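The values are calculated or read from the model by the stated rules, or taken from the named source; none is laboratory data. The model shown is predicted, which means the values in this text are computed figures rather than measured ones.
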Amino acid sequence: MFDSQLTPGGEPLRNRGRIYFLSWKKVLTEAGKLGHSRVSLPPGEAGGNSFNRGLDVTTQRKSRKSPSSRRSNAERREESMTIILDHAEAEFASKGYDGTTFVSVAEAAGVDAALMRYYFGDKEQLFAAVFRRRGPVVNALRVQALDAYRAATGGQGTLEGLLEAFTRPGFEFGMLSEGHRNYAAIVAFVNSSRGTMHALMSEVFDEVSRVLIDDMQRLMPEVPRETLYWGYHFLTGAFTFSLGQTGRIDRISGGSVSSEDFAGIADRLPAFVAAGIRSLAAR
């Protein structure tokens, strides 16, 4: 269903003769908003926006424009793609995958549907592009937080601290803007889906999840690996459900608790999950 050729690290997706790239400049920009100045571009990406290589292959070969003109075209292309992805993200978050159409996104973005098809092919590929766009930023922030916690504690920290390093960046990321909250809701939807759509979750987030599980194993070497997998399973369920902002707890609590309180959730979730993992380990 979903083409998995575009990887979180900015590898190309080849579709109908065109090559698309993730913009690692956005990793730096959005990480900077959270105060994570040490997040850096991956090897080979320094010095530019990867969308400037996202032109049609045949167009690149035929173009005789000056370098400044090509950069200008690339900037216009990125702007168009960003507008489309922003509106698609909002549509998918509010209407769900089935309720969103290519036409509705085109109308919301104020662009011709033919331009969207040129860039993204069809709705499935558009959804995949939306999902893949922000994931690398979250992963970069998580890896940095885990590395920093490991270095600060000499690998002898607490389970609560380790879980906070993994989860808090996701909640902080969701608080940056309405678009980031929309992305959080989409992650929640994908994580609760079956089949080929869930392959997107694995593609984007499995690697950093394994880093967390490895860190938990180093911290709790006596605990069977299977128990830690179950612990992660329950963690990701609670974590992504919280990202969904369903409003259910708002109604149950009569408004005293809000599902949109990402800061409050980030403060409470690590202790809740850590207690559960310890309980499993003690069985």
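Look at the stretch 93-130 and say how many of its residues are outside any helix (DSSP H, G or I) and hydrophobic (A, V, I, L, M, F, W, C). Qualifying residue count, the stretch 93-130: 1.
Table: residues versus (1) at pLDDT 95 or above; (2) farther than 30 Å from residue 114 by Cα; (3) within 11 Å of the chain's Cα centre (by Cα).
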position	(1), (2), (3)
145	yes, yes, no
154	no, yes, no
179	no, no, no
195	no, no, no
198	no, no, no
201	no, no, yes
210	yes, yes, no
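Could you please let me know if residue 156 is over 21 Å from residue 236 (Cα atoms) and either part of a loop (DSSP other than H, G, I, E, B) or assigned by TED's automatic domain parsing to the domain that holds residue 215 (or both)? Here the answer is yes, as residue 156 does meet what is asked.
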